[in-house]
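Encoded as structure tokens, the structure appears first; notes follow it.
The values are calculated or read from the model by the stated rules, or taken from the named source; none is laboratory data. Small disclaimer: the values here were computed from a predicted structure and weren't measured. Cβ placement follows ideal geometry from the backbone for every residue including glycine, while neighbour counts extend to all protein chains displayed. Heavy atoms of the whole protein, side chains included, go into the accessibility calculation; ligands, DNA and RNA do not. Shrake-Rupley method; radii C 1.70, N 1.55, O 1.52, S 1.80 Å.
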Amino acid sequence: MEKKKQMIRKYLLMAAATFLYMTGIAQVPQVLFDTFFEKKSLRIDFALSGNAEGQRAAIEQLREEPTWGGPLVNLVDHFHYGGYYVHIYDKTSGELIYSKGFNTLFEEWLTTDEAHTETQSWTNSISVPFPKRDIIFELSARNRDDMQFYPLLKMDISPESIFIDRGALKNNHITQLSYQGDSNQKVDLVFLAEGYRADEQEKFVRDARRFMEALFHTAPFSEHKADFNVWAVGVDSEDSGTDLSGKGIFKNTALNSGFYTFGIDRYLTTRDMKSIRDAVWNVPNDALFILINTDMYGGGGMYNFYACGTADNERTPVVFTHEFGHSFAGLADEYFSSEVAYNDFYNLKREPWEPNITTLVDFDTKWKDLVATGTPIPTPVDDSTYKDKCGVFEGGGYMAKGIYRPMDHCMMRDYAPFCPACSRAIERMIRYYCDEKY
Ligand SMILES: [Zn+2]
């Protein structure tokens, strides 16, 4: 009987919360969060292994970490972005209590030539709010044929487990570049130092500040400075710079970054996710930007994974904003003429999940409402009537045919201002992290 009363109470609270949320009267009380979670993180490191034929997942380690900077209300992620999804269920009731989508560098590797001849295993990591009760953790991957998510790994986790590492990690140098309020209601953007020696940490903070300012001079971020807390997290590297494996140059750096990802000289990333997560273990981080101490041109960014760019190249401020578009808002590349290592990155028979490209299979779910009535679809790129207008222009997502972009030029194509579809997607993501209706 008591249990029934509890259930009725829970449903009344949820109904009230839903009503307030739908009507926009007030923030949903953080009923679910306080029932199920503490304001700490459960970090789950896992391996993804496989090749072009398929992939598998396996747990590597669990850690309790001291902060939770994510939302308290927007616990279930309704974006449906990314190649993977984590779902957390309350073990007793089976209720979905948290979810989040993300990409990995490993899934890009799966589309390269190498994945047809080799099998590899890469470490990945996600953080969820720390549970108060037993949970079921489920990791799913998106199938490219039907674009649906299918479970890769499912396991029970008890918050009391002795197999959760609760220890502190290495010291880092944390500088608050901008503090606008409680991390649960702000986007916490972390700049992370890579290839900076101990005597270069002051330069790192100056570099991070410069890129923060570049971001806040770019619309729509310029309208949302008050929605971001910005942190610079310094970790010392032995050497300055980064690897250039294609030229036989290898540096001893904290996060093991390098150019020549998948053989592409300007594609700068690191697959050392464990070192990245170790470096930010005590800082709220909704979005990670790895700042790499070199003057060369390059970068990379994956949704809810990380973005990286170089400190001293003259094009870096725009490269940073472009890569941040990938990692923060799930934006696709709108270019289609540059060299990439991927084969058939998009399935043209399906609608891609990214908000700024379409195959026209399900365009209604994209930016149709931003296209003026009478604009032809597809929109002719050589007709000056549609110059700088929102339309549906062929070419995008590394393909000249079959994929369409919202404007001829955009930050996600050639470092022009963000197009209306990208701007809207960025603002929606900001609202999600600020725990507003999105
Ligand atoms: Zn765009």
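Worth pointing out:
- The GluC sites (Glu not before Pro) of the stretch 29-94 that meet both conditions, a loop assignment by DSSP and at most 14 other Cβ atoms within 10 Å of the site Cβ, are GLU53.
- Neighbourhood charge, 13 Å Cβ-Cβ cut-off, centred on LEU139 and excluding it, Lys, Arg +1 and Asp, Glu -1: 0
- All Cα pairs of the stretch 363-433, percent lying beyond 20 Å: 27 percent
- Zone of PHE250's modelled label, taken as backbone nitrogen in the stretch 275-296 under 13 Å from a point 7 Å along Cα→Cβ: none
- Counting 0.36 nm for each residue step from VAL31 to ARG133 and taking away their Cα separation leaves a gain of 35.2 nm.
- GNM on the chain, alpha-carbon springs under 10 angstrom: the most fluctuating residue among THR35, THR117, THR218 is THR117.
- The residues of the stretch 290-438 expose on average 39 square angstrom of accessible surface per residue, using a 1.4 Å probe on protein heavy atoms.
- Dipole of the chain, positive end: most advanced residue of ALA421, PRO151, PHE106 [Cβ charges, Cα centre]: PRO151
- Between HIS224, SER327, LEU348, the Cα set farthest toward the positive side of the dipole of the chain (charges on each charged residue's Cβ, about the Cα centre) is that of HIS224.
- The stretch between ALA214 and LYS437 holds 77.5 nm of extra length on full extension. This uses 0.36 nm per residue minus the Cα-Cα distance.
- The Cβ shell under 15 Å around ILE164 holds other residues with a net charge of -2, Lys and Arg each +1, Asp and Glu each -1.
- The packing ranking, built from the mean of other Cβ atoms within 10 Å per residue, places the peptides 140-148, 280-288 in the order 280-288, 140-148, highest first.
- Pairwise label distance in nanometres, ARG56 with GLU238, each label 7 Å out on the Cα-Cβ vector: 3.4 nm
- A protection proxy built from the mean count of other Cβ atoms within 10 Å ranks the segments 248-258, 377-387, most packed first, as 248-258, 377-387.
- Pairwise label distance in nanometres, ASP414 with TYR297, each label 7 Å out on the Cα-Cβ vector: 1.4 nm
- Kirkwood hydrodynamic radius of the chain, from inverse mean 1/r over distinct Cα pairs, in Å: 22.6 Å
- Spin-label proximity, ASN143 to the stretch 72-96 - amide N less than 20 Å from point 7 Å beyond Cα toward beta carbon: 80-87
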